[in-house]
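The values are calculated or read from the model by the stated rules, or taken from the named source; none is laboratory data. Since we're looking at a predicted model, the values are computed, not measured. Methodologically, a virtual Cβ is constructed for each residue, glycine included, from the backbone with ideal geometry; neighbour enumeration extends over all protein chains shown. Only protein heavy atoms, including side chains, enter the accessible area calculation; ligands, DNA and RNA are left aside. Shrake-Rupley method; radii C 1.70, N 1.55, O 1.52, S 1.80 Å.
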Amino acid sequence: MRHEIPTADFGPYGETMAQEVKACVHCGFCLPVCPTYKVLGEEMDSPRGRIVLMKEVLEGNLSVEEAIPYVDKCLGCLACVTACPSGVQYGELLNPFRSYAEEQRKRDPLSRITRFMLNHILPFPKRFSKAAALGRLARPFRPLFPTTLRTMVDLLPSKLSSGSPFPAVYPAKGSQRARVALLTGCAQQVLAPQINWATLRVLSENGVEIVIPKDQGCCGALAMHGGEADQARGLALRNFASFPHDVDAVLTNAAGCGSGMKEYPLLFKDLPDEAEARCFADQVQDVSVFLKDLGLKPPPPLAEPLRLAYHDACHLAHAQGVRREPRRLLESIPNLTLVEIPDGETCCGSAGTYNLEQPEIARTLGERKVGTILETKADSVAAGNVGYIIQIQRYLEGQGESIPVLHTLEVLDRAYSSLRMRAP
């Protein structure tokens, strides 16, 4: 696609955005895999259509306000990248464009309040914990809330756990095979702290010492993917200073966080911290990849047979290309049968804060995902991201289903638990 984008006007991102626009040959392979196109059926709600809209804005032929409603509806799931035969790195156009658009657009008062909450409460566990507690108290008044605030309240779990503080170092069990640092996340610490504890126990069981940096914070992925590039850089810089360099890897158990941290080189492109951003990003691994490469200690058989459906988190499967590793870990558990979900790589509708900002589309995708999960007749579901776990659990419960939805590491932890019970 030819373009006349004045690349110099868009700083370090101008050339990158122009390259991705030019790489699109308008073939349409992205349309059938795009969740919003499947739901809405409109060309402008497809990756191909959005690329045209963003191109027209960048060339000055279309206003941000005309294009942004369609760009806002994009989940950023990157299924289009997997499907694209031309290698268009859609995320390298979408994220810088959203950052540019955020500076230009005008938001209504409710949207500004929502964005404030997402940017200044959700990434900070202490603030989020207090807000979540208030949200649960406010549930009797939910019919009076606007749609976005109702959705926020609905997504809160029935119980909130303050959890025990994480130690500075969690020791390896037996002979030490590796030393890593763990990103504990922000919302996950409040909504599902058990995921991090399961991760620590599984890593330890496999001879891994884990450093948990005390001063770490949000990775910045939510801000980055929402167009708040400056906030994302500030959060990233905090982690550059907090995480040790003398570790074998920086691990994450949240697909969105891992994807966001791997995007740091683009976020800091042509800035003084670009080299450090690239070095940090090179250390980042999803915990499933690390364990698969390390060589998993064989888990003991489950006490009862388990039929488990694995859901591909978009930012694992599409953004990071991680599909095989979680499956191999789960398949290593005796007495567990892993089953595939039909149309499994289609987004469940969570997508960071998408289910808060676009609740109707998210609901449609969530209900469709649950429908395909139920087709598998699975006893339980596994996924690699807390947001997807909450989204799927919500719509399973909405259909009266009590199927547990667990993180991949929680499944492994349950398998290893019998070894811990046998220990003297």
Connecting every pair of Cα atoms under 10 Å apart in the chain and solving the GNM, the largest mean-square fluctuation among 200, 330, 160 falls on 160
Filtered hits (aspartates and glutamates, Cα-Cα < 14 Å from residue 377, offset >= 8 within chain) -> 340, 401
So the pair-distance distribution of the chain, from every Cα-Cα distance in 10 Å bins, comes to percents of 4, 21, 32, 27, 12, 2, 0, 0
If unit charges are put on Cβ atoms (+1 for Lys and Arg, -1 for Asp and Glu) and the dipole of the chain is taken about its Cα centre, the option from 266, 388, 190 lying farthest towards the positive end turns out to be 190
If each part is reduced to its alpha-carbon centroid, the stretch 147-206 and the stretch 220-287 end up apart, in Å, by 19
By the mean-Cβ-within-10 Å protection proxy, highest first, 316-328, 130-142 rank as 316-328, 130-142
For residue 269, counting only aspartates and glutamates whose alpha-carbon sits under 14 Å away and dropping same-chain residues fewer than eight positions off, the answer is 15, 92, 230
CD proxy, 222 nm, the chain: helix-only mean residue ellipticity via -39,500 (n - 2.57) per DSSP H run with n ≥ 4, per residue, nearest 500, stands at -15000 deg cm²/dmol
Once all protein chains are kept in place, residue 282 shows an accessible area at probe 1.4 Å, nearest 10 Å², of 120
Non-local residues with an amide H under 5 Å from the amide H of residue 380, with H modelled 1.01 Å from N and Pro and chain starts lacking one, are 307, 309
Cα-Cα longer than 23 Å, checked against 55/106; 126/159; 159/292, kept in input order, equals 159/292
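Work out the length of the dipole vector of the chain about its Cα centre, built from +1 on the beta-carbon of each Lys and Arg and -1 on the beta-carbon of each Asp and Glu, and round it to the nearest 20 debye.
Values: 46 positive and 48 negative charges, 306 e Å.
Using Cβ point charges on Lys, Arg, Asp and Glu, the chain gives about 1460 debye.
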With all protein chains present, the chain has a carbon and sulfur share of its accessible area (1.4 Å probe) in percent of 53
Per residue, accessible area of the chain with a 1.4 Å probe, heavy atoms of protein chains only, in Å², comes to 43
Under Stokes-Einstein, the stretch 207-289 at 37 °C and 0.692 mPa s, with its Kirkwood radius over C-alpha pairs, diffuses with a coefficient in µm²/s of 256
Taking a straight Cα-to-Cα line shorter than 18 Å from residue 38, and setting aside same-chain lysines fewer than 8 residues away, one finds 73, 369
